[in-house]
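Report on the structure given below.
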Amino acid sequence: MLNLEELFKKFIGFIHVTKGTSTNTEVSYLRDLHQMQMYLAASGVKDVDGITKEHLSNYVASLTSAGKKATTISRSIASMKAFFAYLTAKKIIEKNPAESLKTPKIEKKEPTILSKEEVVRLIECVDKDTPKEIRDRAMLELMYATGMRVTELISMKMSDLSMVGEYVECTDSKKTRQIPFGNACKKALEKYLSGAREELLEGKTSEYLFVNCSGDEMSRQGFWKIIKTYGKRAGITSEITPHTLRHSFATHLVSGGADLKDIQEMLGHSDISTTQMYAKLSKNSVRDSYKKAFPR
């Protein structure tokens with residue numbers, strides 16, 4: 001009988017090949033499954049055949065008691081369901097103990113959207129001519145100009161950028177999409193590529209467009225710190241994340257009259273219903289502006 005650790009590896013290998021999952025997704029699955037494994041081991045359960053529905057229900061209850069967020073618990077349940085469904089399909093176990101687990105209700109929060117003025121403040125507060133700040137401004141400009149995901153931004157290769165065509169190529173598990181960018185973004189990229197990138201590399205070579213201060217690949221956490229630092233410097237009081245610029249990009253395009261199908265293509269949404277959320281957010285923004293500005 002294979003131990004849980006070996007089964008986790010086989011499961012990750014399976015979803016990587018069959019579903020084209022990203023490294024981040026696979027790390028998330030493993031983290032959830034290892035936490036489940038620790039709970040089960042503390043309860044005296046080490047054999048996969050010994051895991052019951054009651055064990056998993058008790059584990060979920062322990063997450064609730066520990067004050068874990070509904071989103072965290074839902075993700076953990078999704079990981080267990082996927083893992084045990086795989087074991088059942090491969091006939092490693094006869095019965096799926098996670099099949100009847102119920103996910104908690106998640107209250108959907110509207111994403112934070114920056115106004116156009118706030119975006120300008122955020123980007124223009126990066127005003128020093130150090131290699132790091134030149135890079136940071138180019139990253140913020142590119143993310144807002146294209147609405148790409150943070151993973152796409154930090155993993156972008158030099159070969160994905162066309163300065164002549166003024167577009168970038170983003171590739172996910174399904175397809176490659178081309179996203180145009182404007183003049184402000186082009187100027188920021190030109191400034192970064194004209195010397196700042198080489199200074200950060202310090203003689204190294206890299207296929208990545210953006211590199212950290214050691215000349216290596218940027219991390220998600222690194223970019224998270226960047227946007228938090230400049231958000232504070234710009235005096236933006238709302239909670240902003242790397243995804244905030246993606247949401248703001250889409251909402252500003254909708255309010256400017258861009259076609260939803262075009263926005264769907266640029267964002268890489270498989271279903272237009274996901275993109276339609278920004279039409280609603282744009283209407284809410286107009287309503288809020290009216291309430292603030294109209295004297296009566």
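The values are calculated or read from the model by the stated rules, or taken from the named source; none is laboratory data. Keep in mind the model is a prediction, meaning the values are calculated, not measured. We place every Cβ from the backbone using ideal geometry, glycine too, and count neighbours over all the protein chains shown. All accessible areas refer to the heavy atoms of the entire protein, side chains included, with ligands and DNA or RNA removed. Shrake-Rupley method; radii C 1.70, N 1.55, O 1.52, S 1.80 Å.
Rolling a 1.4 Å probe over the heavy atoms of the protein chains gives the stretch 91-138 an accessible area of 72 Å² per residue. The alpha carbons of the stretch 151-204 occupy a box of 36, 26, 16 Å along the principal axes, longest dimension given first.
Using 0.36 nm times the number of residues separating residue 16 and residue 274, minus their current alpha carbon distance, what extension gain do you get? Kindly include the intermediate steps, with their values, before the conclusion.
Working: separation 258, 0.36 × 258 = 92.88 nm, distance 2.46 nm.
Separation in residues times 0.36 nm, less the Cα-Cα distance, equals 90.4 nm.
Evaluating kT/(6 pi eta Rh) at 37 °C and 0.692 mPa s, with the Kirkwood radius of the stretch 92-238 over Cα pairs in the Stokes-Einstein relation, gives 190 µm² s⁻¹.
By per-residue mean of other Cβ atoms within 10 Å, what is the highest-first order of 23-34, 39-50, 70-81? Show your work: numbers first, answer last.
Values: 23-34: 15.5, 39-50: 13.3, 70-81: 17.8.
Ranked from most to least packed, the peptides come out as 70-81, 23-34, 39-50.
Taking every protein chain into account, the accessible area of the stretch 232-277 amounts to 48 square angstrom per residue (probe 1.4 Å).
Computing FRET efficiency as 1/(1 + (r/R0)^6) for residue 47 and residue 78, where r is the C-beta to C-beta distance and R0 is 22 Å, gives about 0.40. Here the ratio of the Cα radius of gyration of the stretch 1-127 to 2.2 N^0.38 Å is 1.36.
Here the contact order of the stretch 25-107, divided by its residue count and restricted to Cα pairs under 8 Å and six or more residues apart, works out to 33 percent. Modelled spin labels at residue 115 and residue 58, positioned 7 Å past Cα toward Cβ, are 5.5 nm from each other. Kirkwood analysis of the chain, using all unique Cα-Cα pairs, places the hydrodynamic radius at 22.0 Å. When the Gaussian network model of the chain links Cα atoms closer than 10 Å, the mean-square fluctuations of 101, 260, 200 top out at 101.
Using only Cα atoms, locate the centre of the stretch 113-128 and the centre of the stretch 211-236, then give the distance between them in Å, rounded to an integer. With the stretch 113-128 and the stretch 211-236 each reduced to a Cα centre, they are spaced 15 Å.
Return the carbon/sulfur percentage of the accessible area of the stretch 98-236, one whole number, probe 1.4 Å, all protein chains in place. Spell out each step's value before the answer.
Details: 3810 of 7670 Å².
In the stretch 98-236, the share of accessible area belonging to carbon and sulfur is 50 percent.
Extension gain for residue 166-residue 88 works out to 23.2 nm (0.36 nm per residue, less the C-alpha to C-alpha distance).
When Rg and Dmax are taken over the Cα atoms of the stretch 42-90, they come to 11.7, 35 Å. Here the average projected area of the convex hull drawn through the C-alpha atoms of the stretch 151-260 stands at 8.5 nm². What a 1.4 Å probe finds exposed on the stretch 18-90 is 55% carbon and sulfur by accessible area, rounded to a whole percent.
Given N residues in the stretch 228-274, what is Rg(Cα) / (2.2 N^0.38 Å)? Walk me through the numbers before you get to the answer.
On the way: Rg = 13.1 Å, N = 47, 2.2 N^0.38 = 9.5 Å.
The value comes to 1.38.
Find how many whole Å separate the alpha carbon centroid of the stretch 257-274 from the alpha carbon centroid of the stretch 79-98. Value for the Cα centre distance between the two parts: 35 Å. With R₀ set to 25 Å, the beta-carbon distance separating residue 213 from residue 28 gives a calculated FRET efficiency near 0.40.
What relative contact order, as a whole-number percentage, does the stretch 134-215 give when Cα pairs under 8 Å and 6 or more residues apart are counted?
Numbers: 93 pairs, mean separation 28.6, N = 82.
Reported relative contact order: 35 percent.
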